[in-house]
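Here's the structure we're looking at; comments come further down.
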Amino acid sequence: MNGGIRLVDLQDARSRRRYEPIKSGRYVPKYRDADSGATWSGRGREPFWIAGKDRKPFVLLQTNVDDTIGPK
């Protein structure tokens with residue numbers, strides 16, 4: 001007697017994939033700490049250097065790709 005478990009059932013359980021979160025790629029940083037150089041994309045938990053503070057001084061200036069091409 002094997003308790004009602006077949007070898008095929010055990011093999012199927014081992015071959016199943018574990019949960020893997022979908023990675024959407026890297027996020028572009030929106031904020032930068034001038035003292036440490038650390039960056040934050042604005043997603044997830046706030047880093048200690050920006051938590052509870054006004055975010056305007058930390059905003060990174062990003063150039064628009066269309067502006068760098070030249071006149072249209």
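Which of the residues that make up the range 37-47 are part of a loop (DSSP other than H, G, I, E, B), surrounded by 10 or more Cβ atoms within 10 Å (Cβ to Cβ) and either of a type in the set (A, V, I, L, M, F, W, C) or touching a residue at least 12 places away in the same chain (Cβ under 8 Å) (or both)?
Ala38, Ser41, Gly42, Pro47 - these are the residues of the range 37-47 that are part of a loop (DSSP other than H, G, I, E, B), surrounded by 10 or more Cβ atoms within 10 Å (Cβ to Cβ) and either of a type in the set (A, V, I, L, M, F, W, C) or touching a residue at least 12 places away in the same chain (Cβ under 8 Å) (or both).
Tell me which residues, restricted to the range 50-72, are modelled with pLDDT of 75 or more and more than 19 Å from the chain's Cα centre (by Cα).
Within the range 50-72, Gly52, Lys53, Asp54, Arg55, Lys56, Pro57, Phe58, Leu61 meet the criteria.
Is it the case that Gly42 is touching a Phe, Trp or Tyr at 6+ places or on another chain (Cβ under 7 Å), of a type outside the set (A, V, I, L, M, F, W, C), on the phi > 0 side of the Ramachandran plot and at pLDDT 70 or above? Please lay out each step first, then the result.
Details: touching a Phe, Trp or Tyr at 6+ places or on another chain (Cβ under 7 Å): yes; of a type outside the set (A, V, I, L, M, F, W, C): yes; on the phi > 0 side of the Ramachandran plot: yes; at pLDDT 70 or above: yes.
It is true that Gly42 is touching a Phe, Trp or Tyr at 6+ places or on another chain (Cβ under 7 Å), of a type outside the set (A, V, I, L, M, F, W, C), on the phi > 0 side of the Ramachandran plot and at pLDDT 70 or above.
The values are calculated or read from the model by the stated rules, or taken from the named source; none is laboratory data. Keep in mind it's a predicted model, so treat the numbers as computed, not measured. All Cβ positions, even for glycine, are placed from backbone atoms using ideal geometry, and neighbour counts span all protein chains on display.
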